[in-house]
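First up is the structure itself, then whatever we jot down about it.
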Amino acid sequence: MLPKQYSIIFTKGYGLISTGSGSTYLKNRMRGDMNKTELKKILQGKSAEDSLEKLATLFPGQILFTTSFGIEDQVVTHLISERKLPIEIVTIDTGRLFPETYDVFNRTIKKYDLKIKVYFPDHEPVEKMVTEKGPFSFYYSKENRLECCRIRKVLPLNRALKDKKVWISGIRADQSESRAMMDWLEYDEDKDIFKYYPLFSWTYGQVKDFVKEANIPYNLLHDKNYISIGCQPCTRAVNPGDDFRAGRWWWESDSRKECGFHIKQ
Ligand code: SF4
């Protein structure tokens, strides 16, 4: 059970839809054309772990959590594992990750006795890109960087999301300006999938405190001023007070520093 101070209480005002005698109706609606407003009403007022459990019940076999083993993702993995929720956990191995990321991956599966499904990029476009442009093409132009992210991250992710209806992510609102504009529950029309962010309203301090209190394994790079951790050549430590994403693709001036997971292509 999540300590009360960390439970996410969403804006009240909506009554919860009964899941007792109406559960068959609800499940039929979920399989069909349930929209974001209806799903928000069901989750409104629930804690992060209760919302995850509800979604797992409503979308059996169609719910997936993607982790890159950052500190927020570790909290979500903990919540899923503590309740043994039937939510598939997957990660994308781009081939350019830090050794510390593999270390926390290993400690996590051992601690929670978990299987985390790994998706790799298709070898042919990786081979072509690196052969033609070299191993650091992403430093030379934003176009090259997005190409690399697309081949190594976005395309494997699309395979992972195939036939899923709910995608869980560790995004928080205060991670960046563009993320602050998002909602804790979204519907992606292109992918026909709901996106749910259980830690959306958490602060970085709350995440760190929770990890410490619950003794959750975390990437040791966080202790060296790495906040947002992605691929090794595209991530660096930040200074105190820097923007959360300042250490990602730091050579680019665009404030919307995303790999393509959470922006429309
Ligand atoms: Fe390539 Fe860097 Fe994107 Fe990783 S973060 S996929 S190395 S451009």
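Each residue in region 162-208 was checked for being surrounded by fewer than 20 Cβ atoms within 10 Å (Cβ to Cβ), touching a Ser or Thr at 6+ places or on another chain (Cβ under 8 Å) and of a type in the set (A, V, I, L, M, F, W, C), and 1 of them qualify. Per this entry, Arg159 is counted among residues that are within 16 Å of the ligand (Cβ to nearest atom), basic (Lys, Arg) and within 19 Å of the chain's Cα centre (by Cα). Within the span defined as region 232-242, one or more residues are at pLDDT 95 or above, within 16 Å of the ligand (Cβ to nearest atom), crowded, with 18+ Cβ neighbours inside 10 Å and not in a loop (DSSP other than H, G, I, E, B). Assessment of region 108-119 against the conditions (within 15 Å of the chain's Cα centre (by Cα) and either closer than 29 Å to Asp209 by Cβ or away from the ligand (no atom under 16 Å from the Cβ) (or both)) yields at least one matching residue.
Give the residues of region 200-242 that are hydrophobic (A, V, I, L, M, F, W, C) and closer than 22 Å to Ala160 by Cα, sorted by residue number. Step through it out loud before you land on a result.
Going through region 200-242, the residues hydrophobic (A, V, I, L, M, F, W, C) turn out to be 200, 202, 207, 210-211, 214, 216, 220-221, 227, 229, 231, 234, 237-238.
Hits for region 200-242 are Ile229, Cys231.
Residue count for region 203-231, restricted to those that are more than 16 Å from the ligand (Cβ to nearest atom) and either in contact with a Cys (Cβ under 8 Å, 6 or more places away or on another chain) or assigned to a loop (DSSP other than H, G, I, E, B) (or both): 7.
In the set Val126, Val76, Val104, only one residue is surrounded by 15 or more Cβ atoms within 10 Å (Cβ to Cβ) and either in contact with a Cys (Cβ under 8 Å, 6 or more places away or on another chain) or over 26 Å from Asn225 (Cα atoms) (or both); that residue is Val126.
The values are calculated or read from the model by the stated rules, or taken from the named source; none is laboratory data. Keep in mind that what you see is a predicted model, and the values were worked out from it rather than measured. Reconstructed Cβ throughout: ideal geometry from the backbone, glycine too, with neighbour counts over all protein chains shown.
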